[in-house]
Amino acid sequence: MTHSGPTDPDPIRAVVVGAGHRGVLYASYALQAPAELIITAVVDPDPVRRDRLGRDHSLPPERRYASLTDLPPAGMIADVAIDATMDADHVPTAEWLLRAGYPVLLEKPIAGTSAAVLSLAETSRRTGQLLMICHVLRYSPFYVEVKERLLSGELGEIISIELSEYVSFDHLAAAYVRGRWANSTRSGSGILLSKSCHDVDLMAWLCDDRPARVASAGSRRLFTAERAPEGAGTRCVTDCRIEATCAYSARRQYLELGVWGTYAWEGLESLGPEPTPEQKLISLGTDNPYGRCVWHSDNDVLDRQTVSVEFNNGALGVFTLVGNSALGNRTIDIVGTLGELSGSLETGELRLRTINSSGDHQYDERMIKTDVAGLAHGGGDMKLVADFVRAVRGEPVSVSSTRIGNSIDGHLIVFAAERALAERRWVDLAEFDTAST
Ligand SMILES: NC(=O)c1ccc[n+]([C@@H]2O[C@H](COP(=O)([O-])OP(=O)(O)OC[C@H]3O[C@@H](n4cnc5c(N)ncnc54)[C@H](O)[C@@H]3O)[C@@H](O)[C@H]2O)c1
């Protein structure tokens, strides 16, 4: 916890726009570091969520707004905004906030089209307001270590960079088969944008050059009606004959193991902070989307995808998204002209090898352990908010800084990959460089 002294600046006053899972998380920084950040208002059309955050931060009723249009301009009751609305609401809310004079910390994905991303960047430039994007993985000690190794020059110039994301079977089922990012029409995002914009952002940030062209392959194969096993029903707890042995059983995952509860029980929030097991079971058997059979949901997002990128400096990037792994994890392998670095976010370990052809060996090798144990996004979430506060104060920001200007290329790679996949061709990034594309 940070303590203020007599010469410390006042805490930054923030309005939280969107008091859902992420909004509550970022706002919790104010409880950890009250000398840096204080929540002074909340905006959310949902009264339960609005009041929950209002209570947590002792906000009087008149500071709990149902609509952005009721929020006064920046400087009156808040100086900055944390925009943690859902994907499709990012552009209208962030546009409104920037024009009302707020520096904005905006959740990813920035927007669902390249035109909207570039237009939001333009609004930030025109209004002169800071816009930072929640690419939280950049702040995890693991990726900070990778970035610093690259900046130190130990690896030389990057020749290739490979990143993988393994989305575990339970995570895939909850979020991308049953849940709110399962259907691209409903959420406004495919899985590459909603899940892996972090990873392609990491690739662009680590390569530190502009991407030139992109190719992609991928498909949705796993959770389709044709692959439903004999005995599968439409809902786990009503008409399924294999529920007791099914790895994806909603009863086992969300009730018995209690994983992914933030999503699975969000439809029950009006019943109070902790619905009973009976209430949960009834909801799984009736209208809860998380109670659906994974082979009979309305999912349309891919369960595997690769993205190949050629950067202007010749570096080659490959990202692989793998759905349904036993363990969720991210891995990285970078080869440079002087050495190579490989690691796994799950263990936090990196192996650094540098060419050294002297004496009786060919290379030097050492292990680097980063501290990621048990921390959400490898510990990046709170570090991101701290960096936002520093940026607003005009203090030096971290190497991870996610200002809009250096956060666009990852998104453009996503849009180029989706076009490349649909049109089965390499796509030139120049196709996306104007706000009319
Ligand atoms: N950075 C990350 O790693 C990460 C991780 C998970 C989710 N996300 C992203 O964070 C965002 C929020 O996700 P979440 O799970 O917290 O969603 P959520 O649905 O729990 O919260 C969004 C909230 O916004 C409110 N809202 C809707 N329209 C609004 C408006 N016009 N003004 C103010 N509030 C409004 C909703 O009522 C809801 O309470 C999403 O875009 C999601 O993709 C990012």
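Observations, loosely collected:
- Euclidean distance between Cα centres, segment 334-351 to segment 15-62, Å: 38
- Three-way shape label, segment 232-317, alpha-carbon gyration tensor, a/c 1.5: prolate
- Among the GluC sites (Glu not before Pro) found in segment 302-373, not one is both in a DSSP coil and sparsely packed, with 12 or fewer other Cβ atoms within 10 Å of its Cβ.
- Loop sites by DSSP among the trypsin sites (Lys or Arg not before Pro) of the chain, restricted to those with at most 14 other Cβ atoms within 10 angstrom, leave 1-220 as the longest stretch without any of them.
- Positive-end residue, the chain charge dipole about Cα centroid, Cβ charges, pick of Ala84, Val301, Thr286: Thr286
- Placing +1 on the Cβ of every Lys and Arg and -1 on the Cβ of every Asp and Glu, with nothing else charged, gives segment 189-235 a dipole about its Cα centre of roughly 240 debye.
- Anisotropy class of segment 164-237 from Cα gyration tensor, a/c 1.5 cut: prolate
- Global geometry of segment 12-133, whether rounded, prolate or oblate, following the gyration tensor of its Cα atoms and the 1.5 cut on a/c: prolate
- C-alpha center-to-center spacing [segment 270-320, segment 172-207] in angstrom: 9
- Between Thr234 and Glu365, residue separation times 0.36 nm minus the direct Cα-Cα distance comes to 41.9 nm.
Read-outs throughout are calculated quantities, based only on the coordinates presented, and are distinct from any laboratory measurement. Quick caveat, the model's predicted, so the values are computed rather than measured. We place every Cβ from the backbone using ideal geometry, glycine too, and count neighbours over all the protein chains shown.
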